[in-house]
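Data first, discussion second: the structure below is written as structure tokens.
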Amino acid sequence: MTGVTRGIEEGAAETREVGTRVLHYLLRFPQPVENVWAAVATSEGLRGWLAAAEVFEPRLGGAVTLRGIGSGRITAWDVERIAEYTVEGRGRIRFHLEPTRPSGTTVRFTHESPESENPGWRLRFEHLLDCVEGTP
């Protein structure tokens, strides 16, 4: 992992095939899994830090539309463990939540996208941390 700031560790980017880049982050929260899950896997939570979920069907294969990002499907779903959204033209966004002792959460985040995509995840994750902490 490269830089560490406020519970956000940015991993090395990798290229899996021509034109596809995979970004890795490790996020650490002192809050329990259910709090972090609510922020990354509900329409209300996503609105607080990423984008308004104008369509959100919380199930495998469910539709998702994130304002300003795009529309797609939920391509992995395991309640309080894995939420993965595949958005047309923006790639695959995956949150893998793991409980940590005594009551925290670690999120292994990956984003597989076109190489030209610059999603600005670090700034978005700062907003996510604030959202989970209850800070405006």
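The values are calculated or read from the model by the stated rules, or taken from the named source; none is laboratory data. What you see is a predicted model; the values in this text were computed from it and never measured. So basically every Cβ, Gly included, is an ideal-geometry build from the backbone, and we count neighbours across all protein chains shown. Accessible surface is based on the protein model in full, side chains and every heavy atom, while ligands, DNA and RNA are left aside. Shrake-Rupley method; radii C 1.70, N 1.55, O 1.52, S 1.80 Å.
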(message) With modelled with pLDDT under 95 and touching a Lys or Arg at 6+ places or on another chain (Cβ under 8 Å) as the only criterion, which of G3, G19, G7, G11 stands out?
(response) G7
(message) Looking at P102 and the list (1) open to solvent by 10 Å² or more (accessible area, probe 1.4 Å); (2) under 16 Å from A38 (Cα atoms), which single condition is not satisfied?
(response) (2)
(message) So, in segment 27-70, how many residues would count as being open to solvent by 30 Å² or more (accessible area, probe 1.4 Å), farther than 18 Å from R124 by Cβ, aliphatic (A, V, I, L, M) and not in a strand (DSSP E or B)?
(response) 1
(message) Taking the conditions exactly as written (in contact (Cβ under 8 Å) with a residue 24 or more places away in the chain, basic (K, R), closer than 20 Å to F125 by Cβ and open to solvent by 30 Å² or more (accessible area, probe 1.4 Å)), does R6 satisfy them or not?
(response) yes
